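Engineer: I am attaching a structure below and will ask some questions about it afterwards.
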Amino acid sequence: MRGKGEEQARARLVENLIRFMGADGARKAIRRVEIVVGDITDPTSLEDGRLDAVTHILHLAADTSFRAQELCHLINVEGTRALAVRARRMPHLQRFLYGGTAMICGGNPPPVVTESDAPAEAAQHLVPYTRTKVAAEAMLRQEFADLPVVMVRPSIVTGHRTLGCIPSSSIFWMFRAGDRLRLVTGELAGGIDVVPVDWTAEILVGLLAKPTLAHDVYHLSAGEAKRTTWDSLAAAFERCDPQGGPRCYSRFDDGDWKTLRARFQAVFGLDQPIKLAMLRAMRAYYQFSTLGVVFANERLTAEGFSLPPTLSDYLPACLSAPANLSILDQFADDLGMFDEAPAVQENSVQPTPVAA
């Protein structure tokens, strides 16, 4: 955990756990955790001798900024390299689960991206985040073939099946805002690959703990069978919010930012800096959603893992918990990704024994 000392690091962890299990649950859970204060961008902090006993690494630490290119490279590539170098000196290491992204395909993907597809290093990427994730995956393959690395590539992770947006509103505000604007980029008959965070966590733990795996790359995705279609999402919003009126989404072409800006100004206004940041963020997410790409997940299902629900299925939970948060309030969770200031690391690296 990052922090100025163990006490601060422990407080940060408790604060995060509270969002998922409440204060009492967090206090009980923290007793099972041994904290090593460190930072993957500072290799000297990884020298703690307790790490020699690590058997399984779940590496999710990342800078998720869409703008801070240098910081993304420092954390996502060089930080991963530093952790991999340290992992070589863990004599009991059985698995190094690396959290990448399904968007290894770049901004011009085929209709279906398979789990066997190699990272598109030469592709045109829409944001530094995905570009650096591709670089990190390639680096692990080329420089650390001796480590037991398994790549996991999540698609869009948002919301929780039962807790809704209590843990985080990240990305979900975008679907609410798109519903308010009644705008879809790409084909109206198309959809988007979205998975809930609790399903994603269950799959991560399952892949981390399973004694043997048939492959070294897996998509944590909805796939063709469970991707969220715009029609189903519109119907779900209408059921959850009948007072908002019928949902008749309109299609606008990728790059037609005048239409988006005009509709955004009419609905939300552009009278505050945070609204300008939200408009910029919506442009970025609309670029991703226009791709209409399917991330195949046959390997995951072959390992015996269940498919996720669609966003339409768990939309009621996301809209009701927490209640009364505005779209702007929810966007605050992602503001650092699109603000001019550099974002901070989103997650801590978690090298832990399976039994912990």
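The values are calculated or read from the model by the stated rules, or taken from the named source; none is laboratory data. Predicted model, so just to flag it, every value in this text is computed and none were measured. Methodologically, a virtual Cβ is constructed for each residue, glycine included, from the backbone with ideal geometry; neighbour enumeration extends over all protein chains shown. Surface accessibility is based on the protein's heavy atoms, side chains included, excluding ligands, DNA and RNA. Shrake-Rupley method; radii C 1.70, N 1.55, O 1.52, S 1.80 Å.
Engineer: Given a 1.4 angstrom probe, what's the average accessible area per residue across the chain, in square angstrom?
Structural biologist: 45
Engineer: Ok, one more. Specify whether the C-alpha gyration tensor of region 138-235 places it in the rounded, prolate or oblate class, a ≥ b ≥ c being the square roots of the eigenvalues: rounded for a/c under 1.5, otherwise prolate if a/b is larger than b/c and oblate if not.
Structural biologist: Values: a/c = 2.47, a/b = 1.96, b/c = 1.26.
Verdict is prolate for region 138-235.
Engineer: Build a GNM of the chain with springs between Cα atoms under 10 Å: which of ILE156, ILE40, ILE274 gets the top mean-square fluctuation?
Structural biologist: Result: ILE274 has the largest fluctuation of those listed.
Engineer: Sticking with this structure for a sec: Going by a ≥ b ≥ c, the root eigenvalues of the Cα gyration tensor, does region 182-320 fall in the rounded group (a/c under 1.5), the prolate group (a/b larger than b/c) or the oblate group?
Structural biologist: Prolate shape, in that a/c is at least 1.5 and a/b is the bigger ratio.
Engineer: Under a GNM of the chain (C-alpha, springs under 10 Å), which listed residue has the highest mean-square fluctuation: PRO273, PRO322, PRO308?
Structural biologist: PRO273
Engineer: Any idea what log10 I(q)/I(0) is at q = 0.12, 0.14 Å⁻¹ for the chain, Debye with uniform C-alpha scatterers and no solvent?
Structural biologist: The calculated log intensity ratios at q = 0.12, 0.14 Å⁻¹ are -0.92, -1.27.
Engineer: Tell me which residues come under 5 Å, amide H to amide H, from LEU126 once H is placed; ignore anything under 5 positions away on its chain.
Structural biologist: Here GLY107 satisfy the definition.
Engineer: How much mean residue ellipticity at 222 nm does the chain get from its helices, if each DSSP H run of length 4 or more adds -39500 (n - 2.57) and you divide by all residues, to the nearest 500 deg cm²/dmol?
Structural biologist: Helix contribution divided over all residues of the chain: -12000 deg cm²/dmol.
Engineer: Tell me whether region 80-128 comes out rounded, prolate or oblate; compute the Cα gyration tensor, take square roots of the eigenvalues as a ≥ b ≥ c, and use a/c under 1.5 as the rounded threshold.
Structural biologist: It comes out prolate by the Cα gyration axes.
Engineer: Keeping all protein chains in the complex and leaving out DNA, RNA and ligands, what accessible area do you get for LEU325 with a 1.4 Å probe, in Å² to the nearest 10?
Structural biologist: 60
Engineer: Once you have all Cα-Cα distances for region 210-286, histogram them in 5 Å bins from zero and send the whole-percent values.
Structural biologist: 3, 11, 13, 15, 18, 15, 8, 6, 5, 4, 2, 0
Engineer: Please report, in debye to the nearest 20, how large the charge dipole of the chain is about its Cα centre when each Lys and Arg carries +1 at its beta carbon and each Asp and Glu carries -1 there.
Structural biologist: 460
Engineer: What percentage of the solvent-accessible surface of the chain, computed with a 1.4 Å probe over protein heavy atoms, is contributed by carbon and sulfur atoms?
Structural biologist: C and S atoms contribute 53 percent here.
Engineer: Using a Gaussian network for the chain with springs between C-alpha atoms less than 10 Å apart, which of these wobbles most: THR44, THR101, THR64?
Structural biologist: THR44
Engineer: Let me ask something else. Assigning unit charges at the beta carbon (Lys, Arg +1; Asp, Glu -1) and nothing else, what dipole magnitude in debye, to the nearest 20, does region 193-345 show about its Cα centre? Write out the running numbers ahead of the final one.
Structural biologist: Working: 13 positive and 20 negative charges, 73 e Å.
So the dipole magnitude of region 193-345 works out to roughly 340 debye.
Engineer: Only four residue types carry charge here, +1 at the Cβ of Lys and Arg and -1 at the Cβ of Asp and Glu. Report the dipole size of region 21-144 about the Cα centre in Debye, rounded to the nearest 20.
Structural biologist: Computed about the Cα centre, the dipole is about 380 debye.
Engineer: Then there is this: Just to verify a number: what accessible area does ASP42 come out at with the full protein assembly present, 1.4 Å probe, Å² rounded to tens?
Structural biologist: That residue has around 70 Å² of solvent-accessible surface.
Engineer: Enumerate the amide H contacts of ARG2 below 5 Å, restricted to partners 5 or more residues apart or on another chain; note that Pro and chain-start residues carry no placed amide H.
Structural biologist: Under 5 Å from the amide H of ARG2 lie the amide H atoms of GLY38, each far enough along the sequence or on another chain.
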